[in-house]
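The values are calculated or read from the model by the stated rules, or taken from the named source; none is laboratory data. The shown structure was predicted, so the numbers you read here are calculated from the model rather than taken from an experiment. Here Cβ is always computed from backbone atoms with ideal geometry, including for glycine, and neighbour counts include all displayed protein chains. Protein only, heavy atoms only, side chains kept; ligands, DNA and RNA dropped before computing areas. Shrake-Rupley method; radii C 1.70, N 1.55, O 1.52, S 1.80 Å.
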Amino acid sequence: QYLQLKKKLEDEFPGCLDICGEGTPQATGFFEVMVGGKLVHSKKRGDGYVDTESKFLRLVAAIKAALAQG
């Protein structure tokens, strides 16, 4: 799931994102998206996993807002 989401976001915003993720023994891992050094999504911080279309669209909106800010 992580790789599919990462590819979908990178296809949507080529060269604009820094996406990292890691599986951990205690949980389902973490997934973070940064735009220009600004963290826009962090599963570890409480944003949850992007597992529905509405969550994906919310993440896309956050990325677009961060890109607009420059």
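Some points to look at:
- Rg over Rh [alpha-carbon atoms, Kirkwood Rh] for the chain: 0.94
- In this Cβ point-charge picture (+1 for Lys and Arg, -1 for Asp and Glu), the chain has a dipole of about 160 debye about its Cα centre.
- Here the sum of -39500 (n - 2.57) over DSSP H runs of 4 or more residues, divided by the residues of the chain, equals -13000 deg cm²/dmol at 222 nm, to the nearest 500.
- Partner aspartates and glutamates for K6 [C-alpha distance under 13 Å; skip if fewer than 8 residues away on the same chain]: D18, E22, E32, D51
- Potential extension, E10-V60 segment - 0.36 nm per residue separation minus Cα distance: 16.9 nm
- Helix axis angle, 2-12 relative to the chain longest principal axis, alpha carbon, degrees: 0 degrees
- Relative contact order of the chain, taken over Cα pairs closer than 8 Å and 6 or more residues apart, is 22 percent.
- Degrees between helix 53-69 axis and first principal axis of the chain (Cα, 0 to 90, nearest 10): 40 degrees
- Whichever lysines have a C-alpha closer than 18 Å to that of K7, once near sequence neighbours (fewer than 8 apart) are set aside: K43, K55, K64
- Within the accessible area of the chain (1.4 Å probe), percent carbon and sulfur: 53 percent
- Karplus-derived HN-Hα couplings along segment 39-51 (A = 6.51, B = -1.76, C = 1.60, θ = phi - 60°), whole Hz, x at Gly and Pro: 6, 9, 8, 9, 4, 4, 7, x, 6, x, 8, 7, 10
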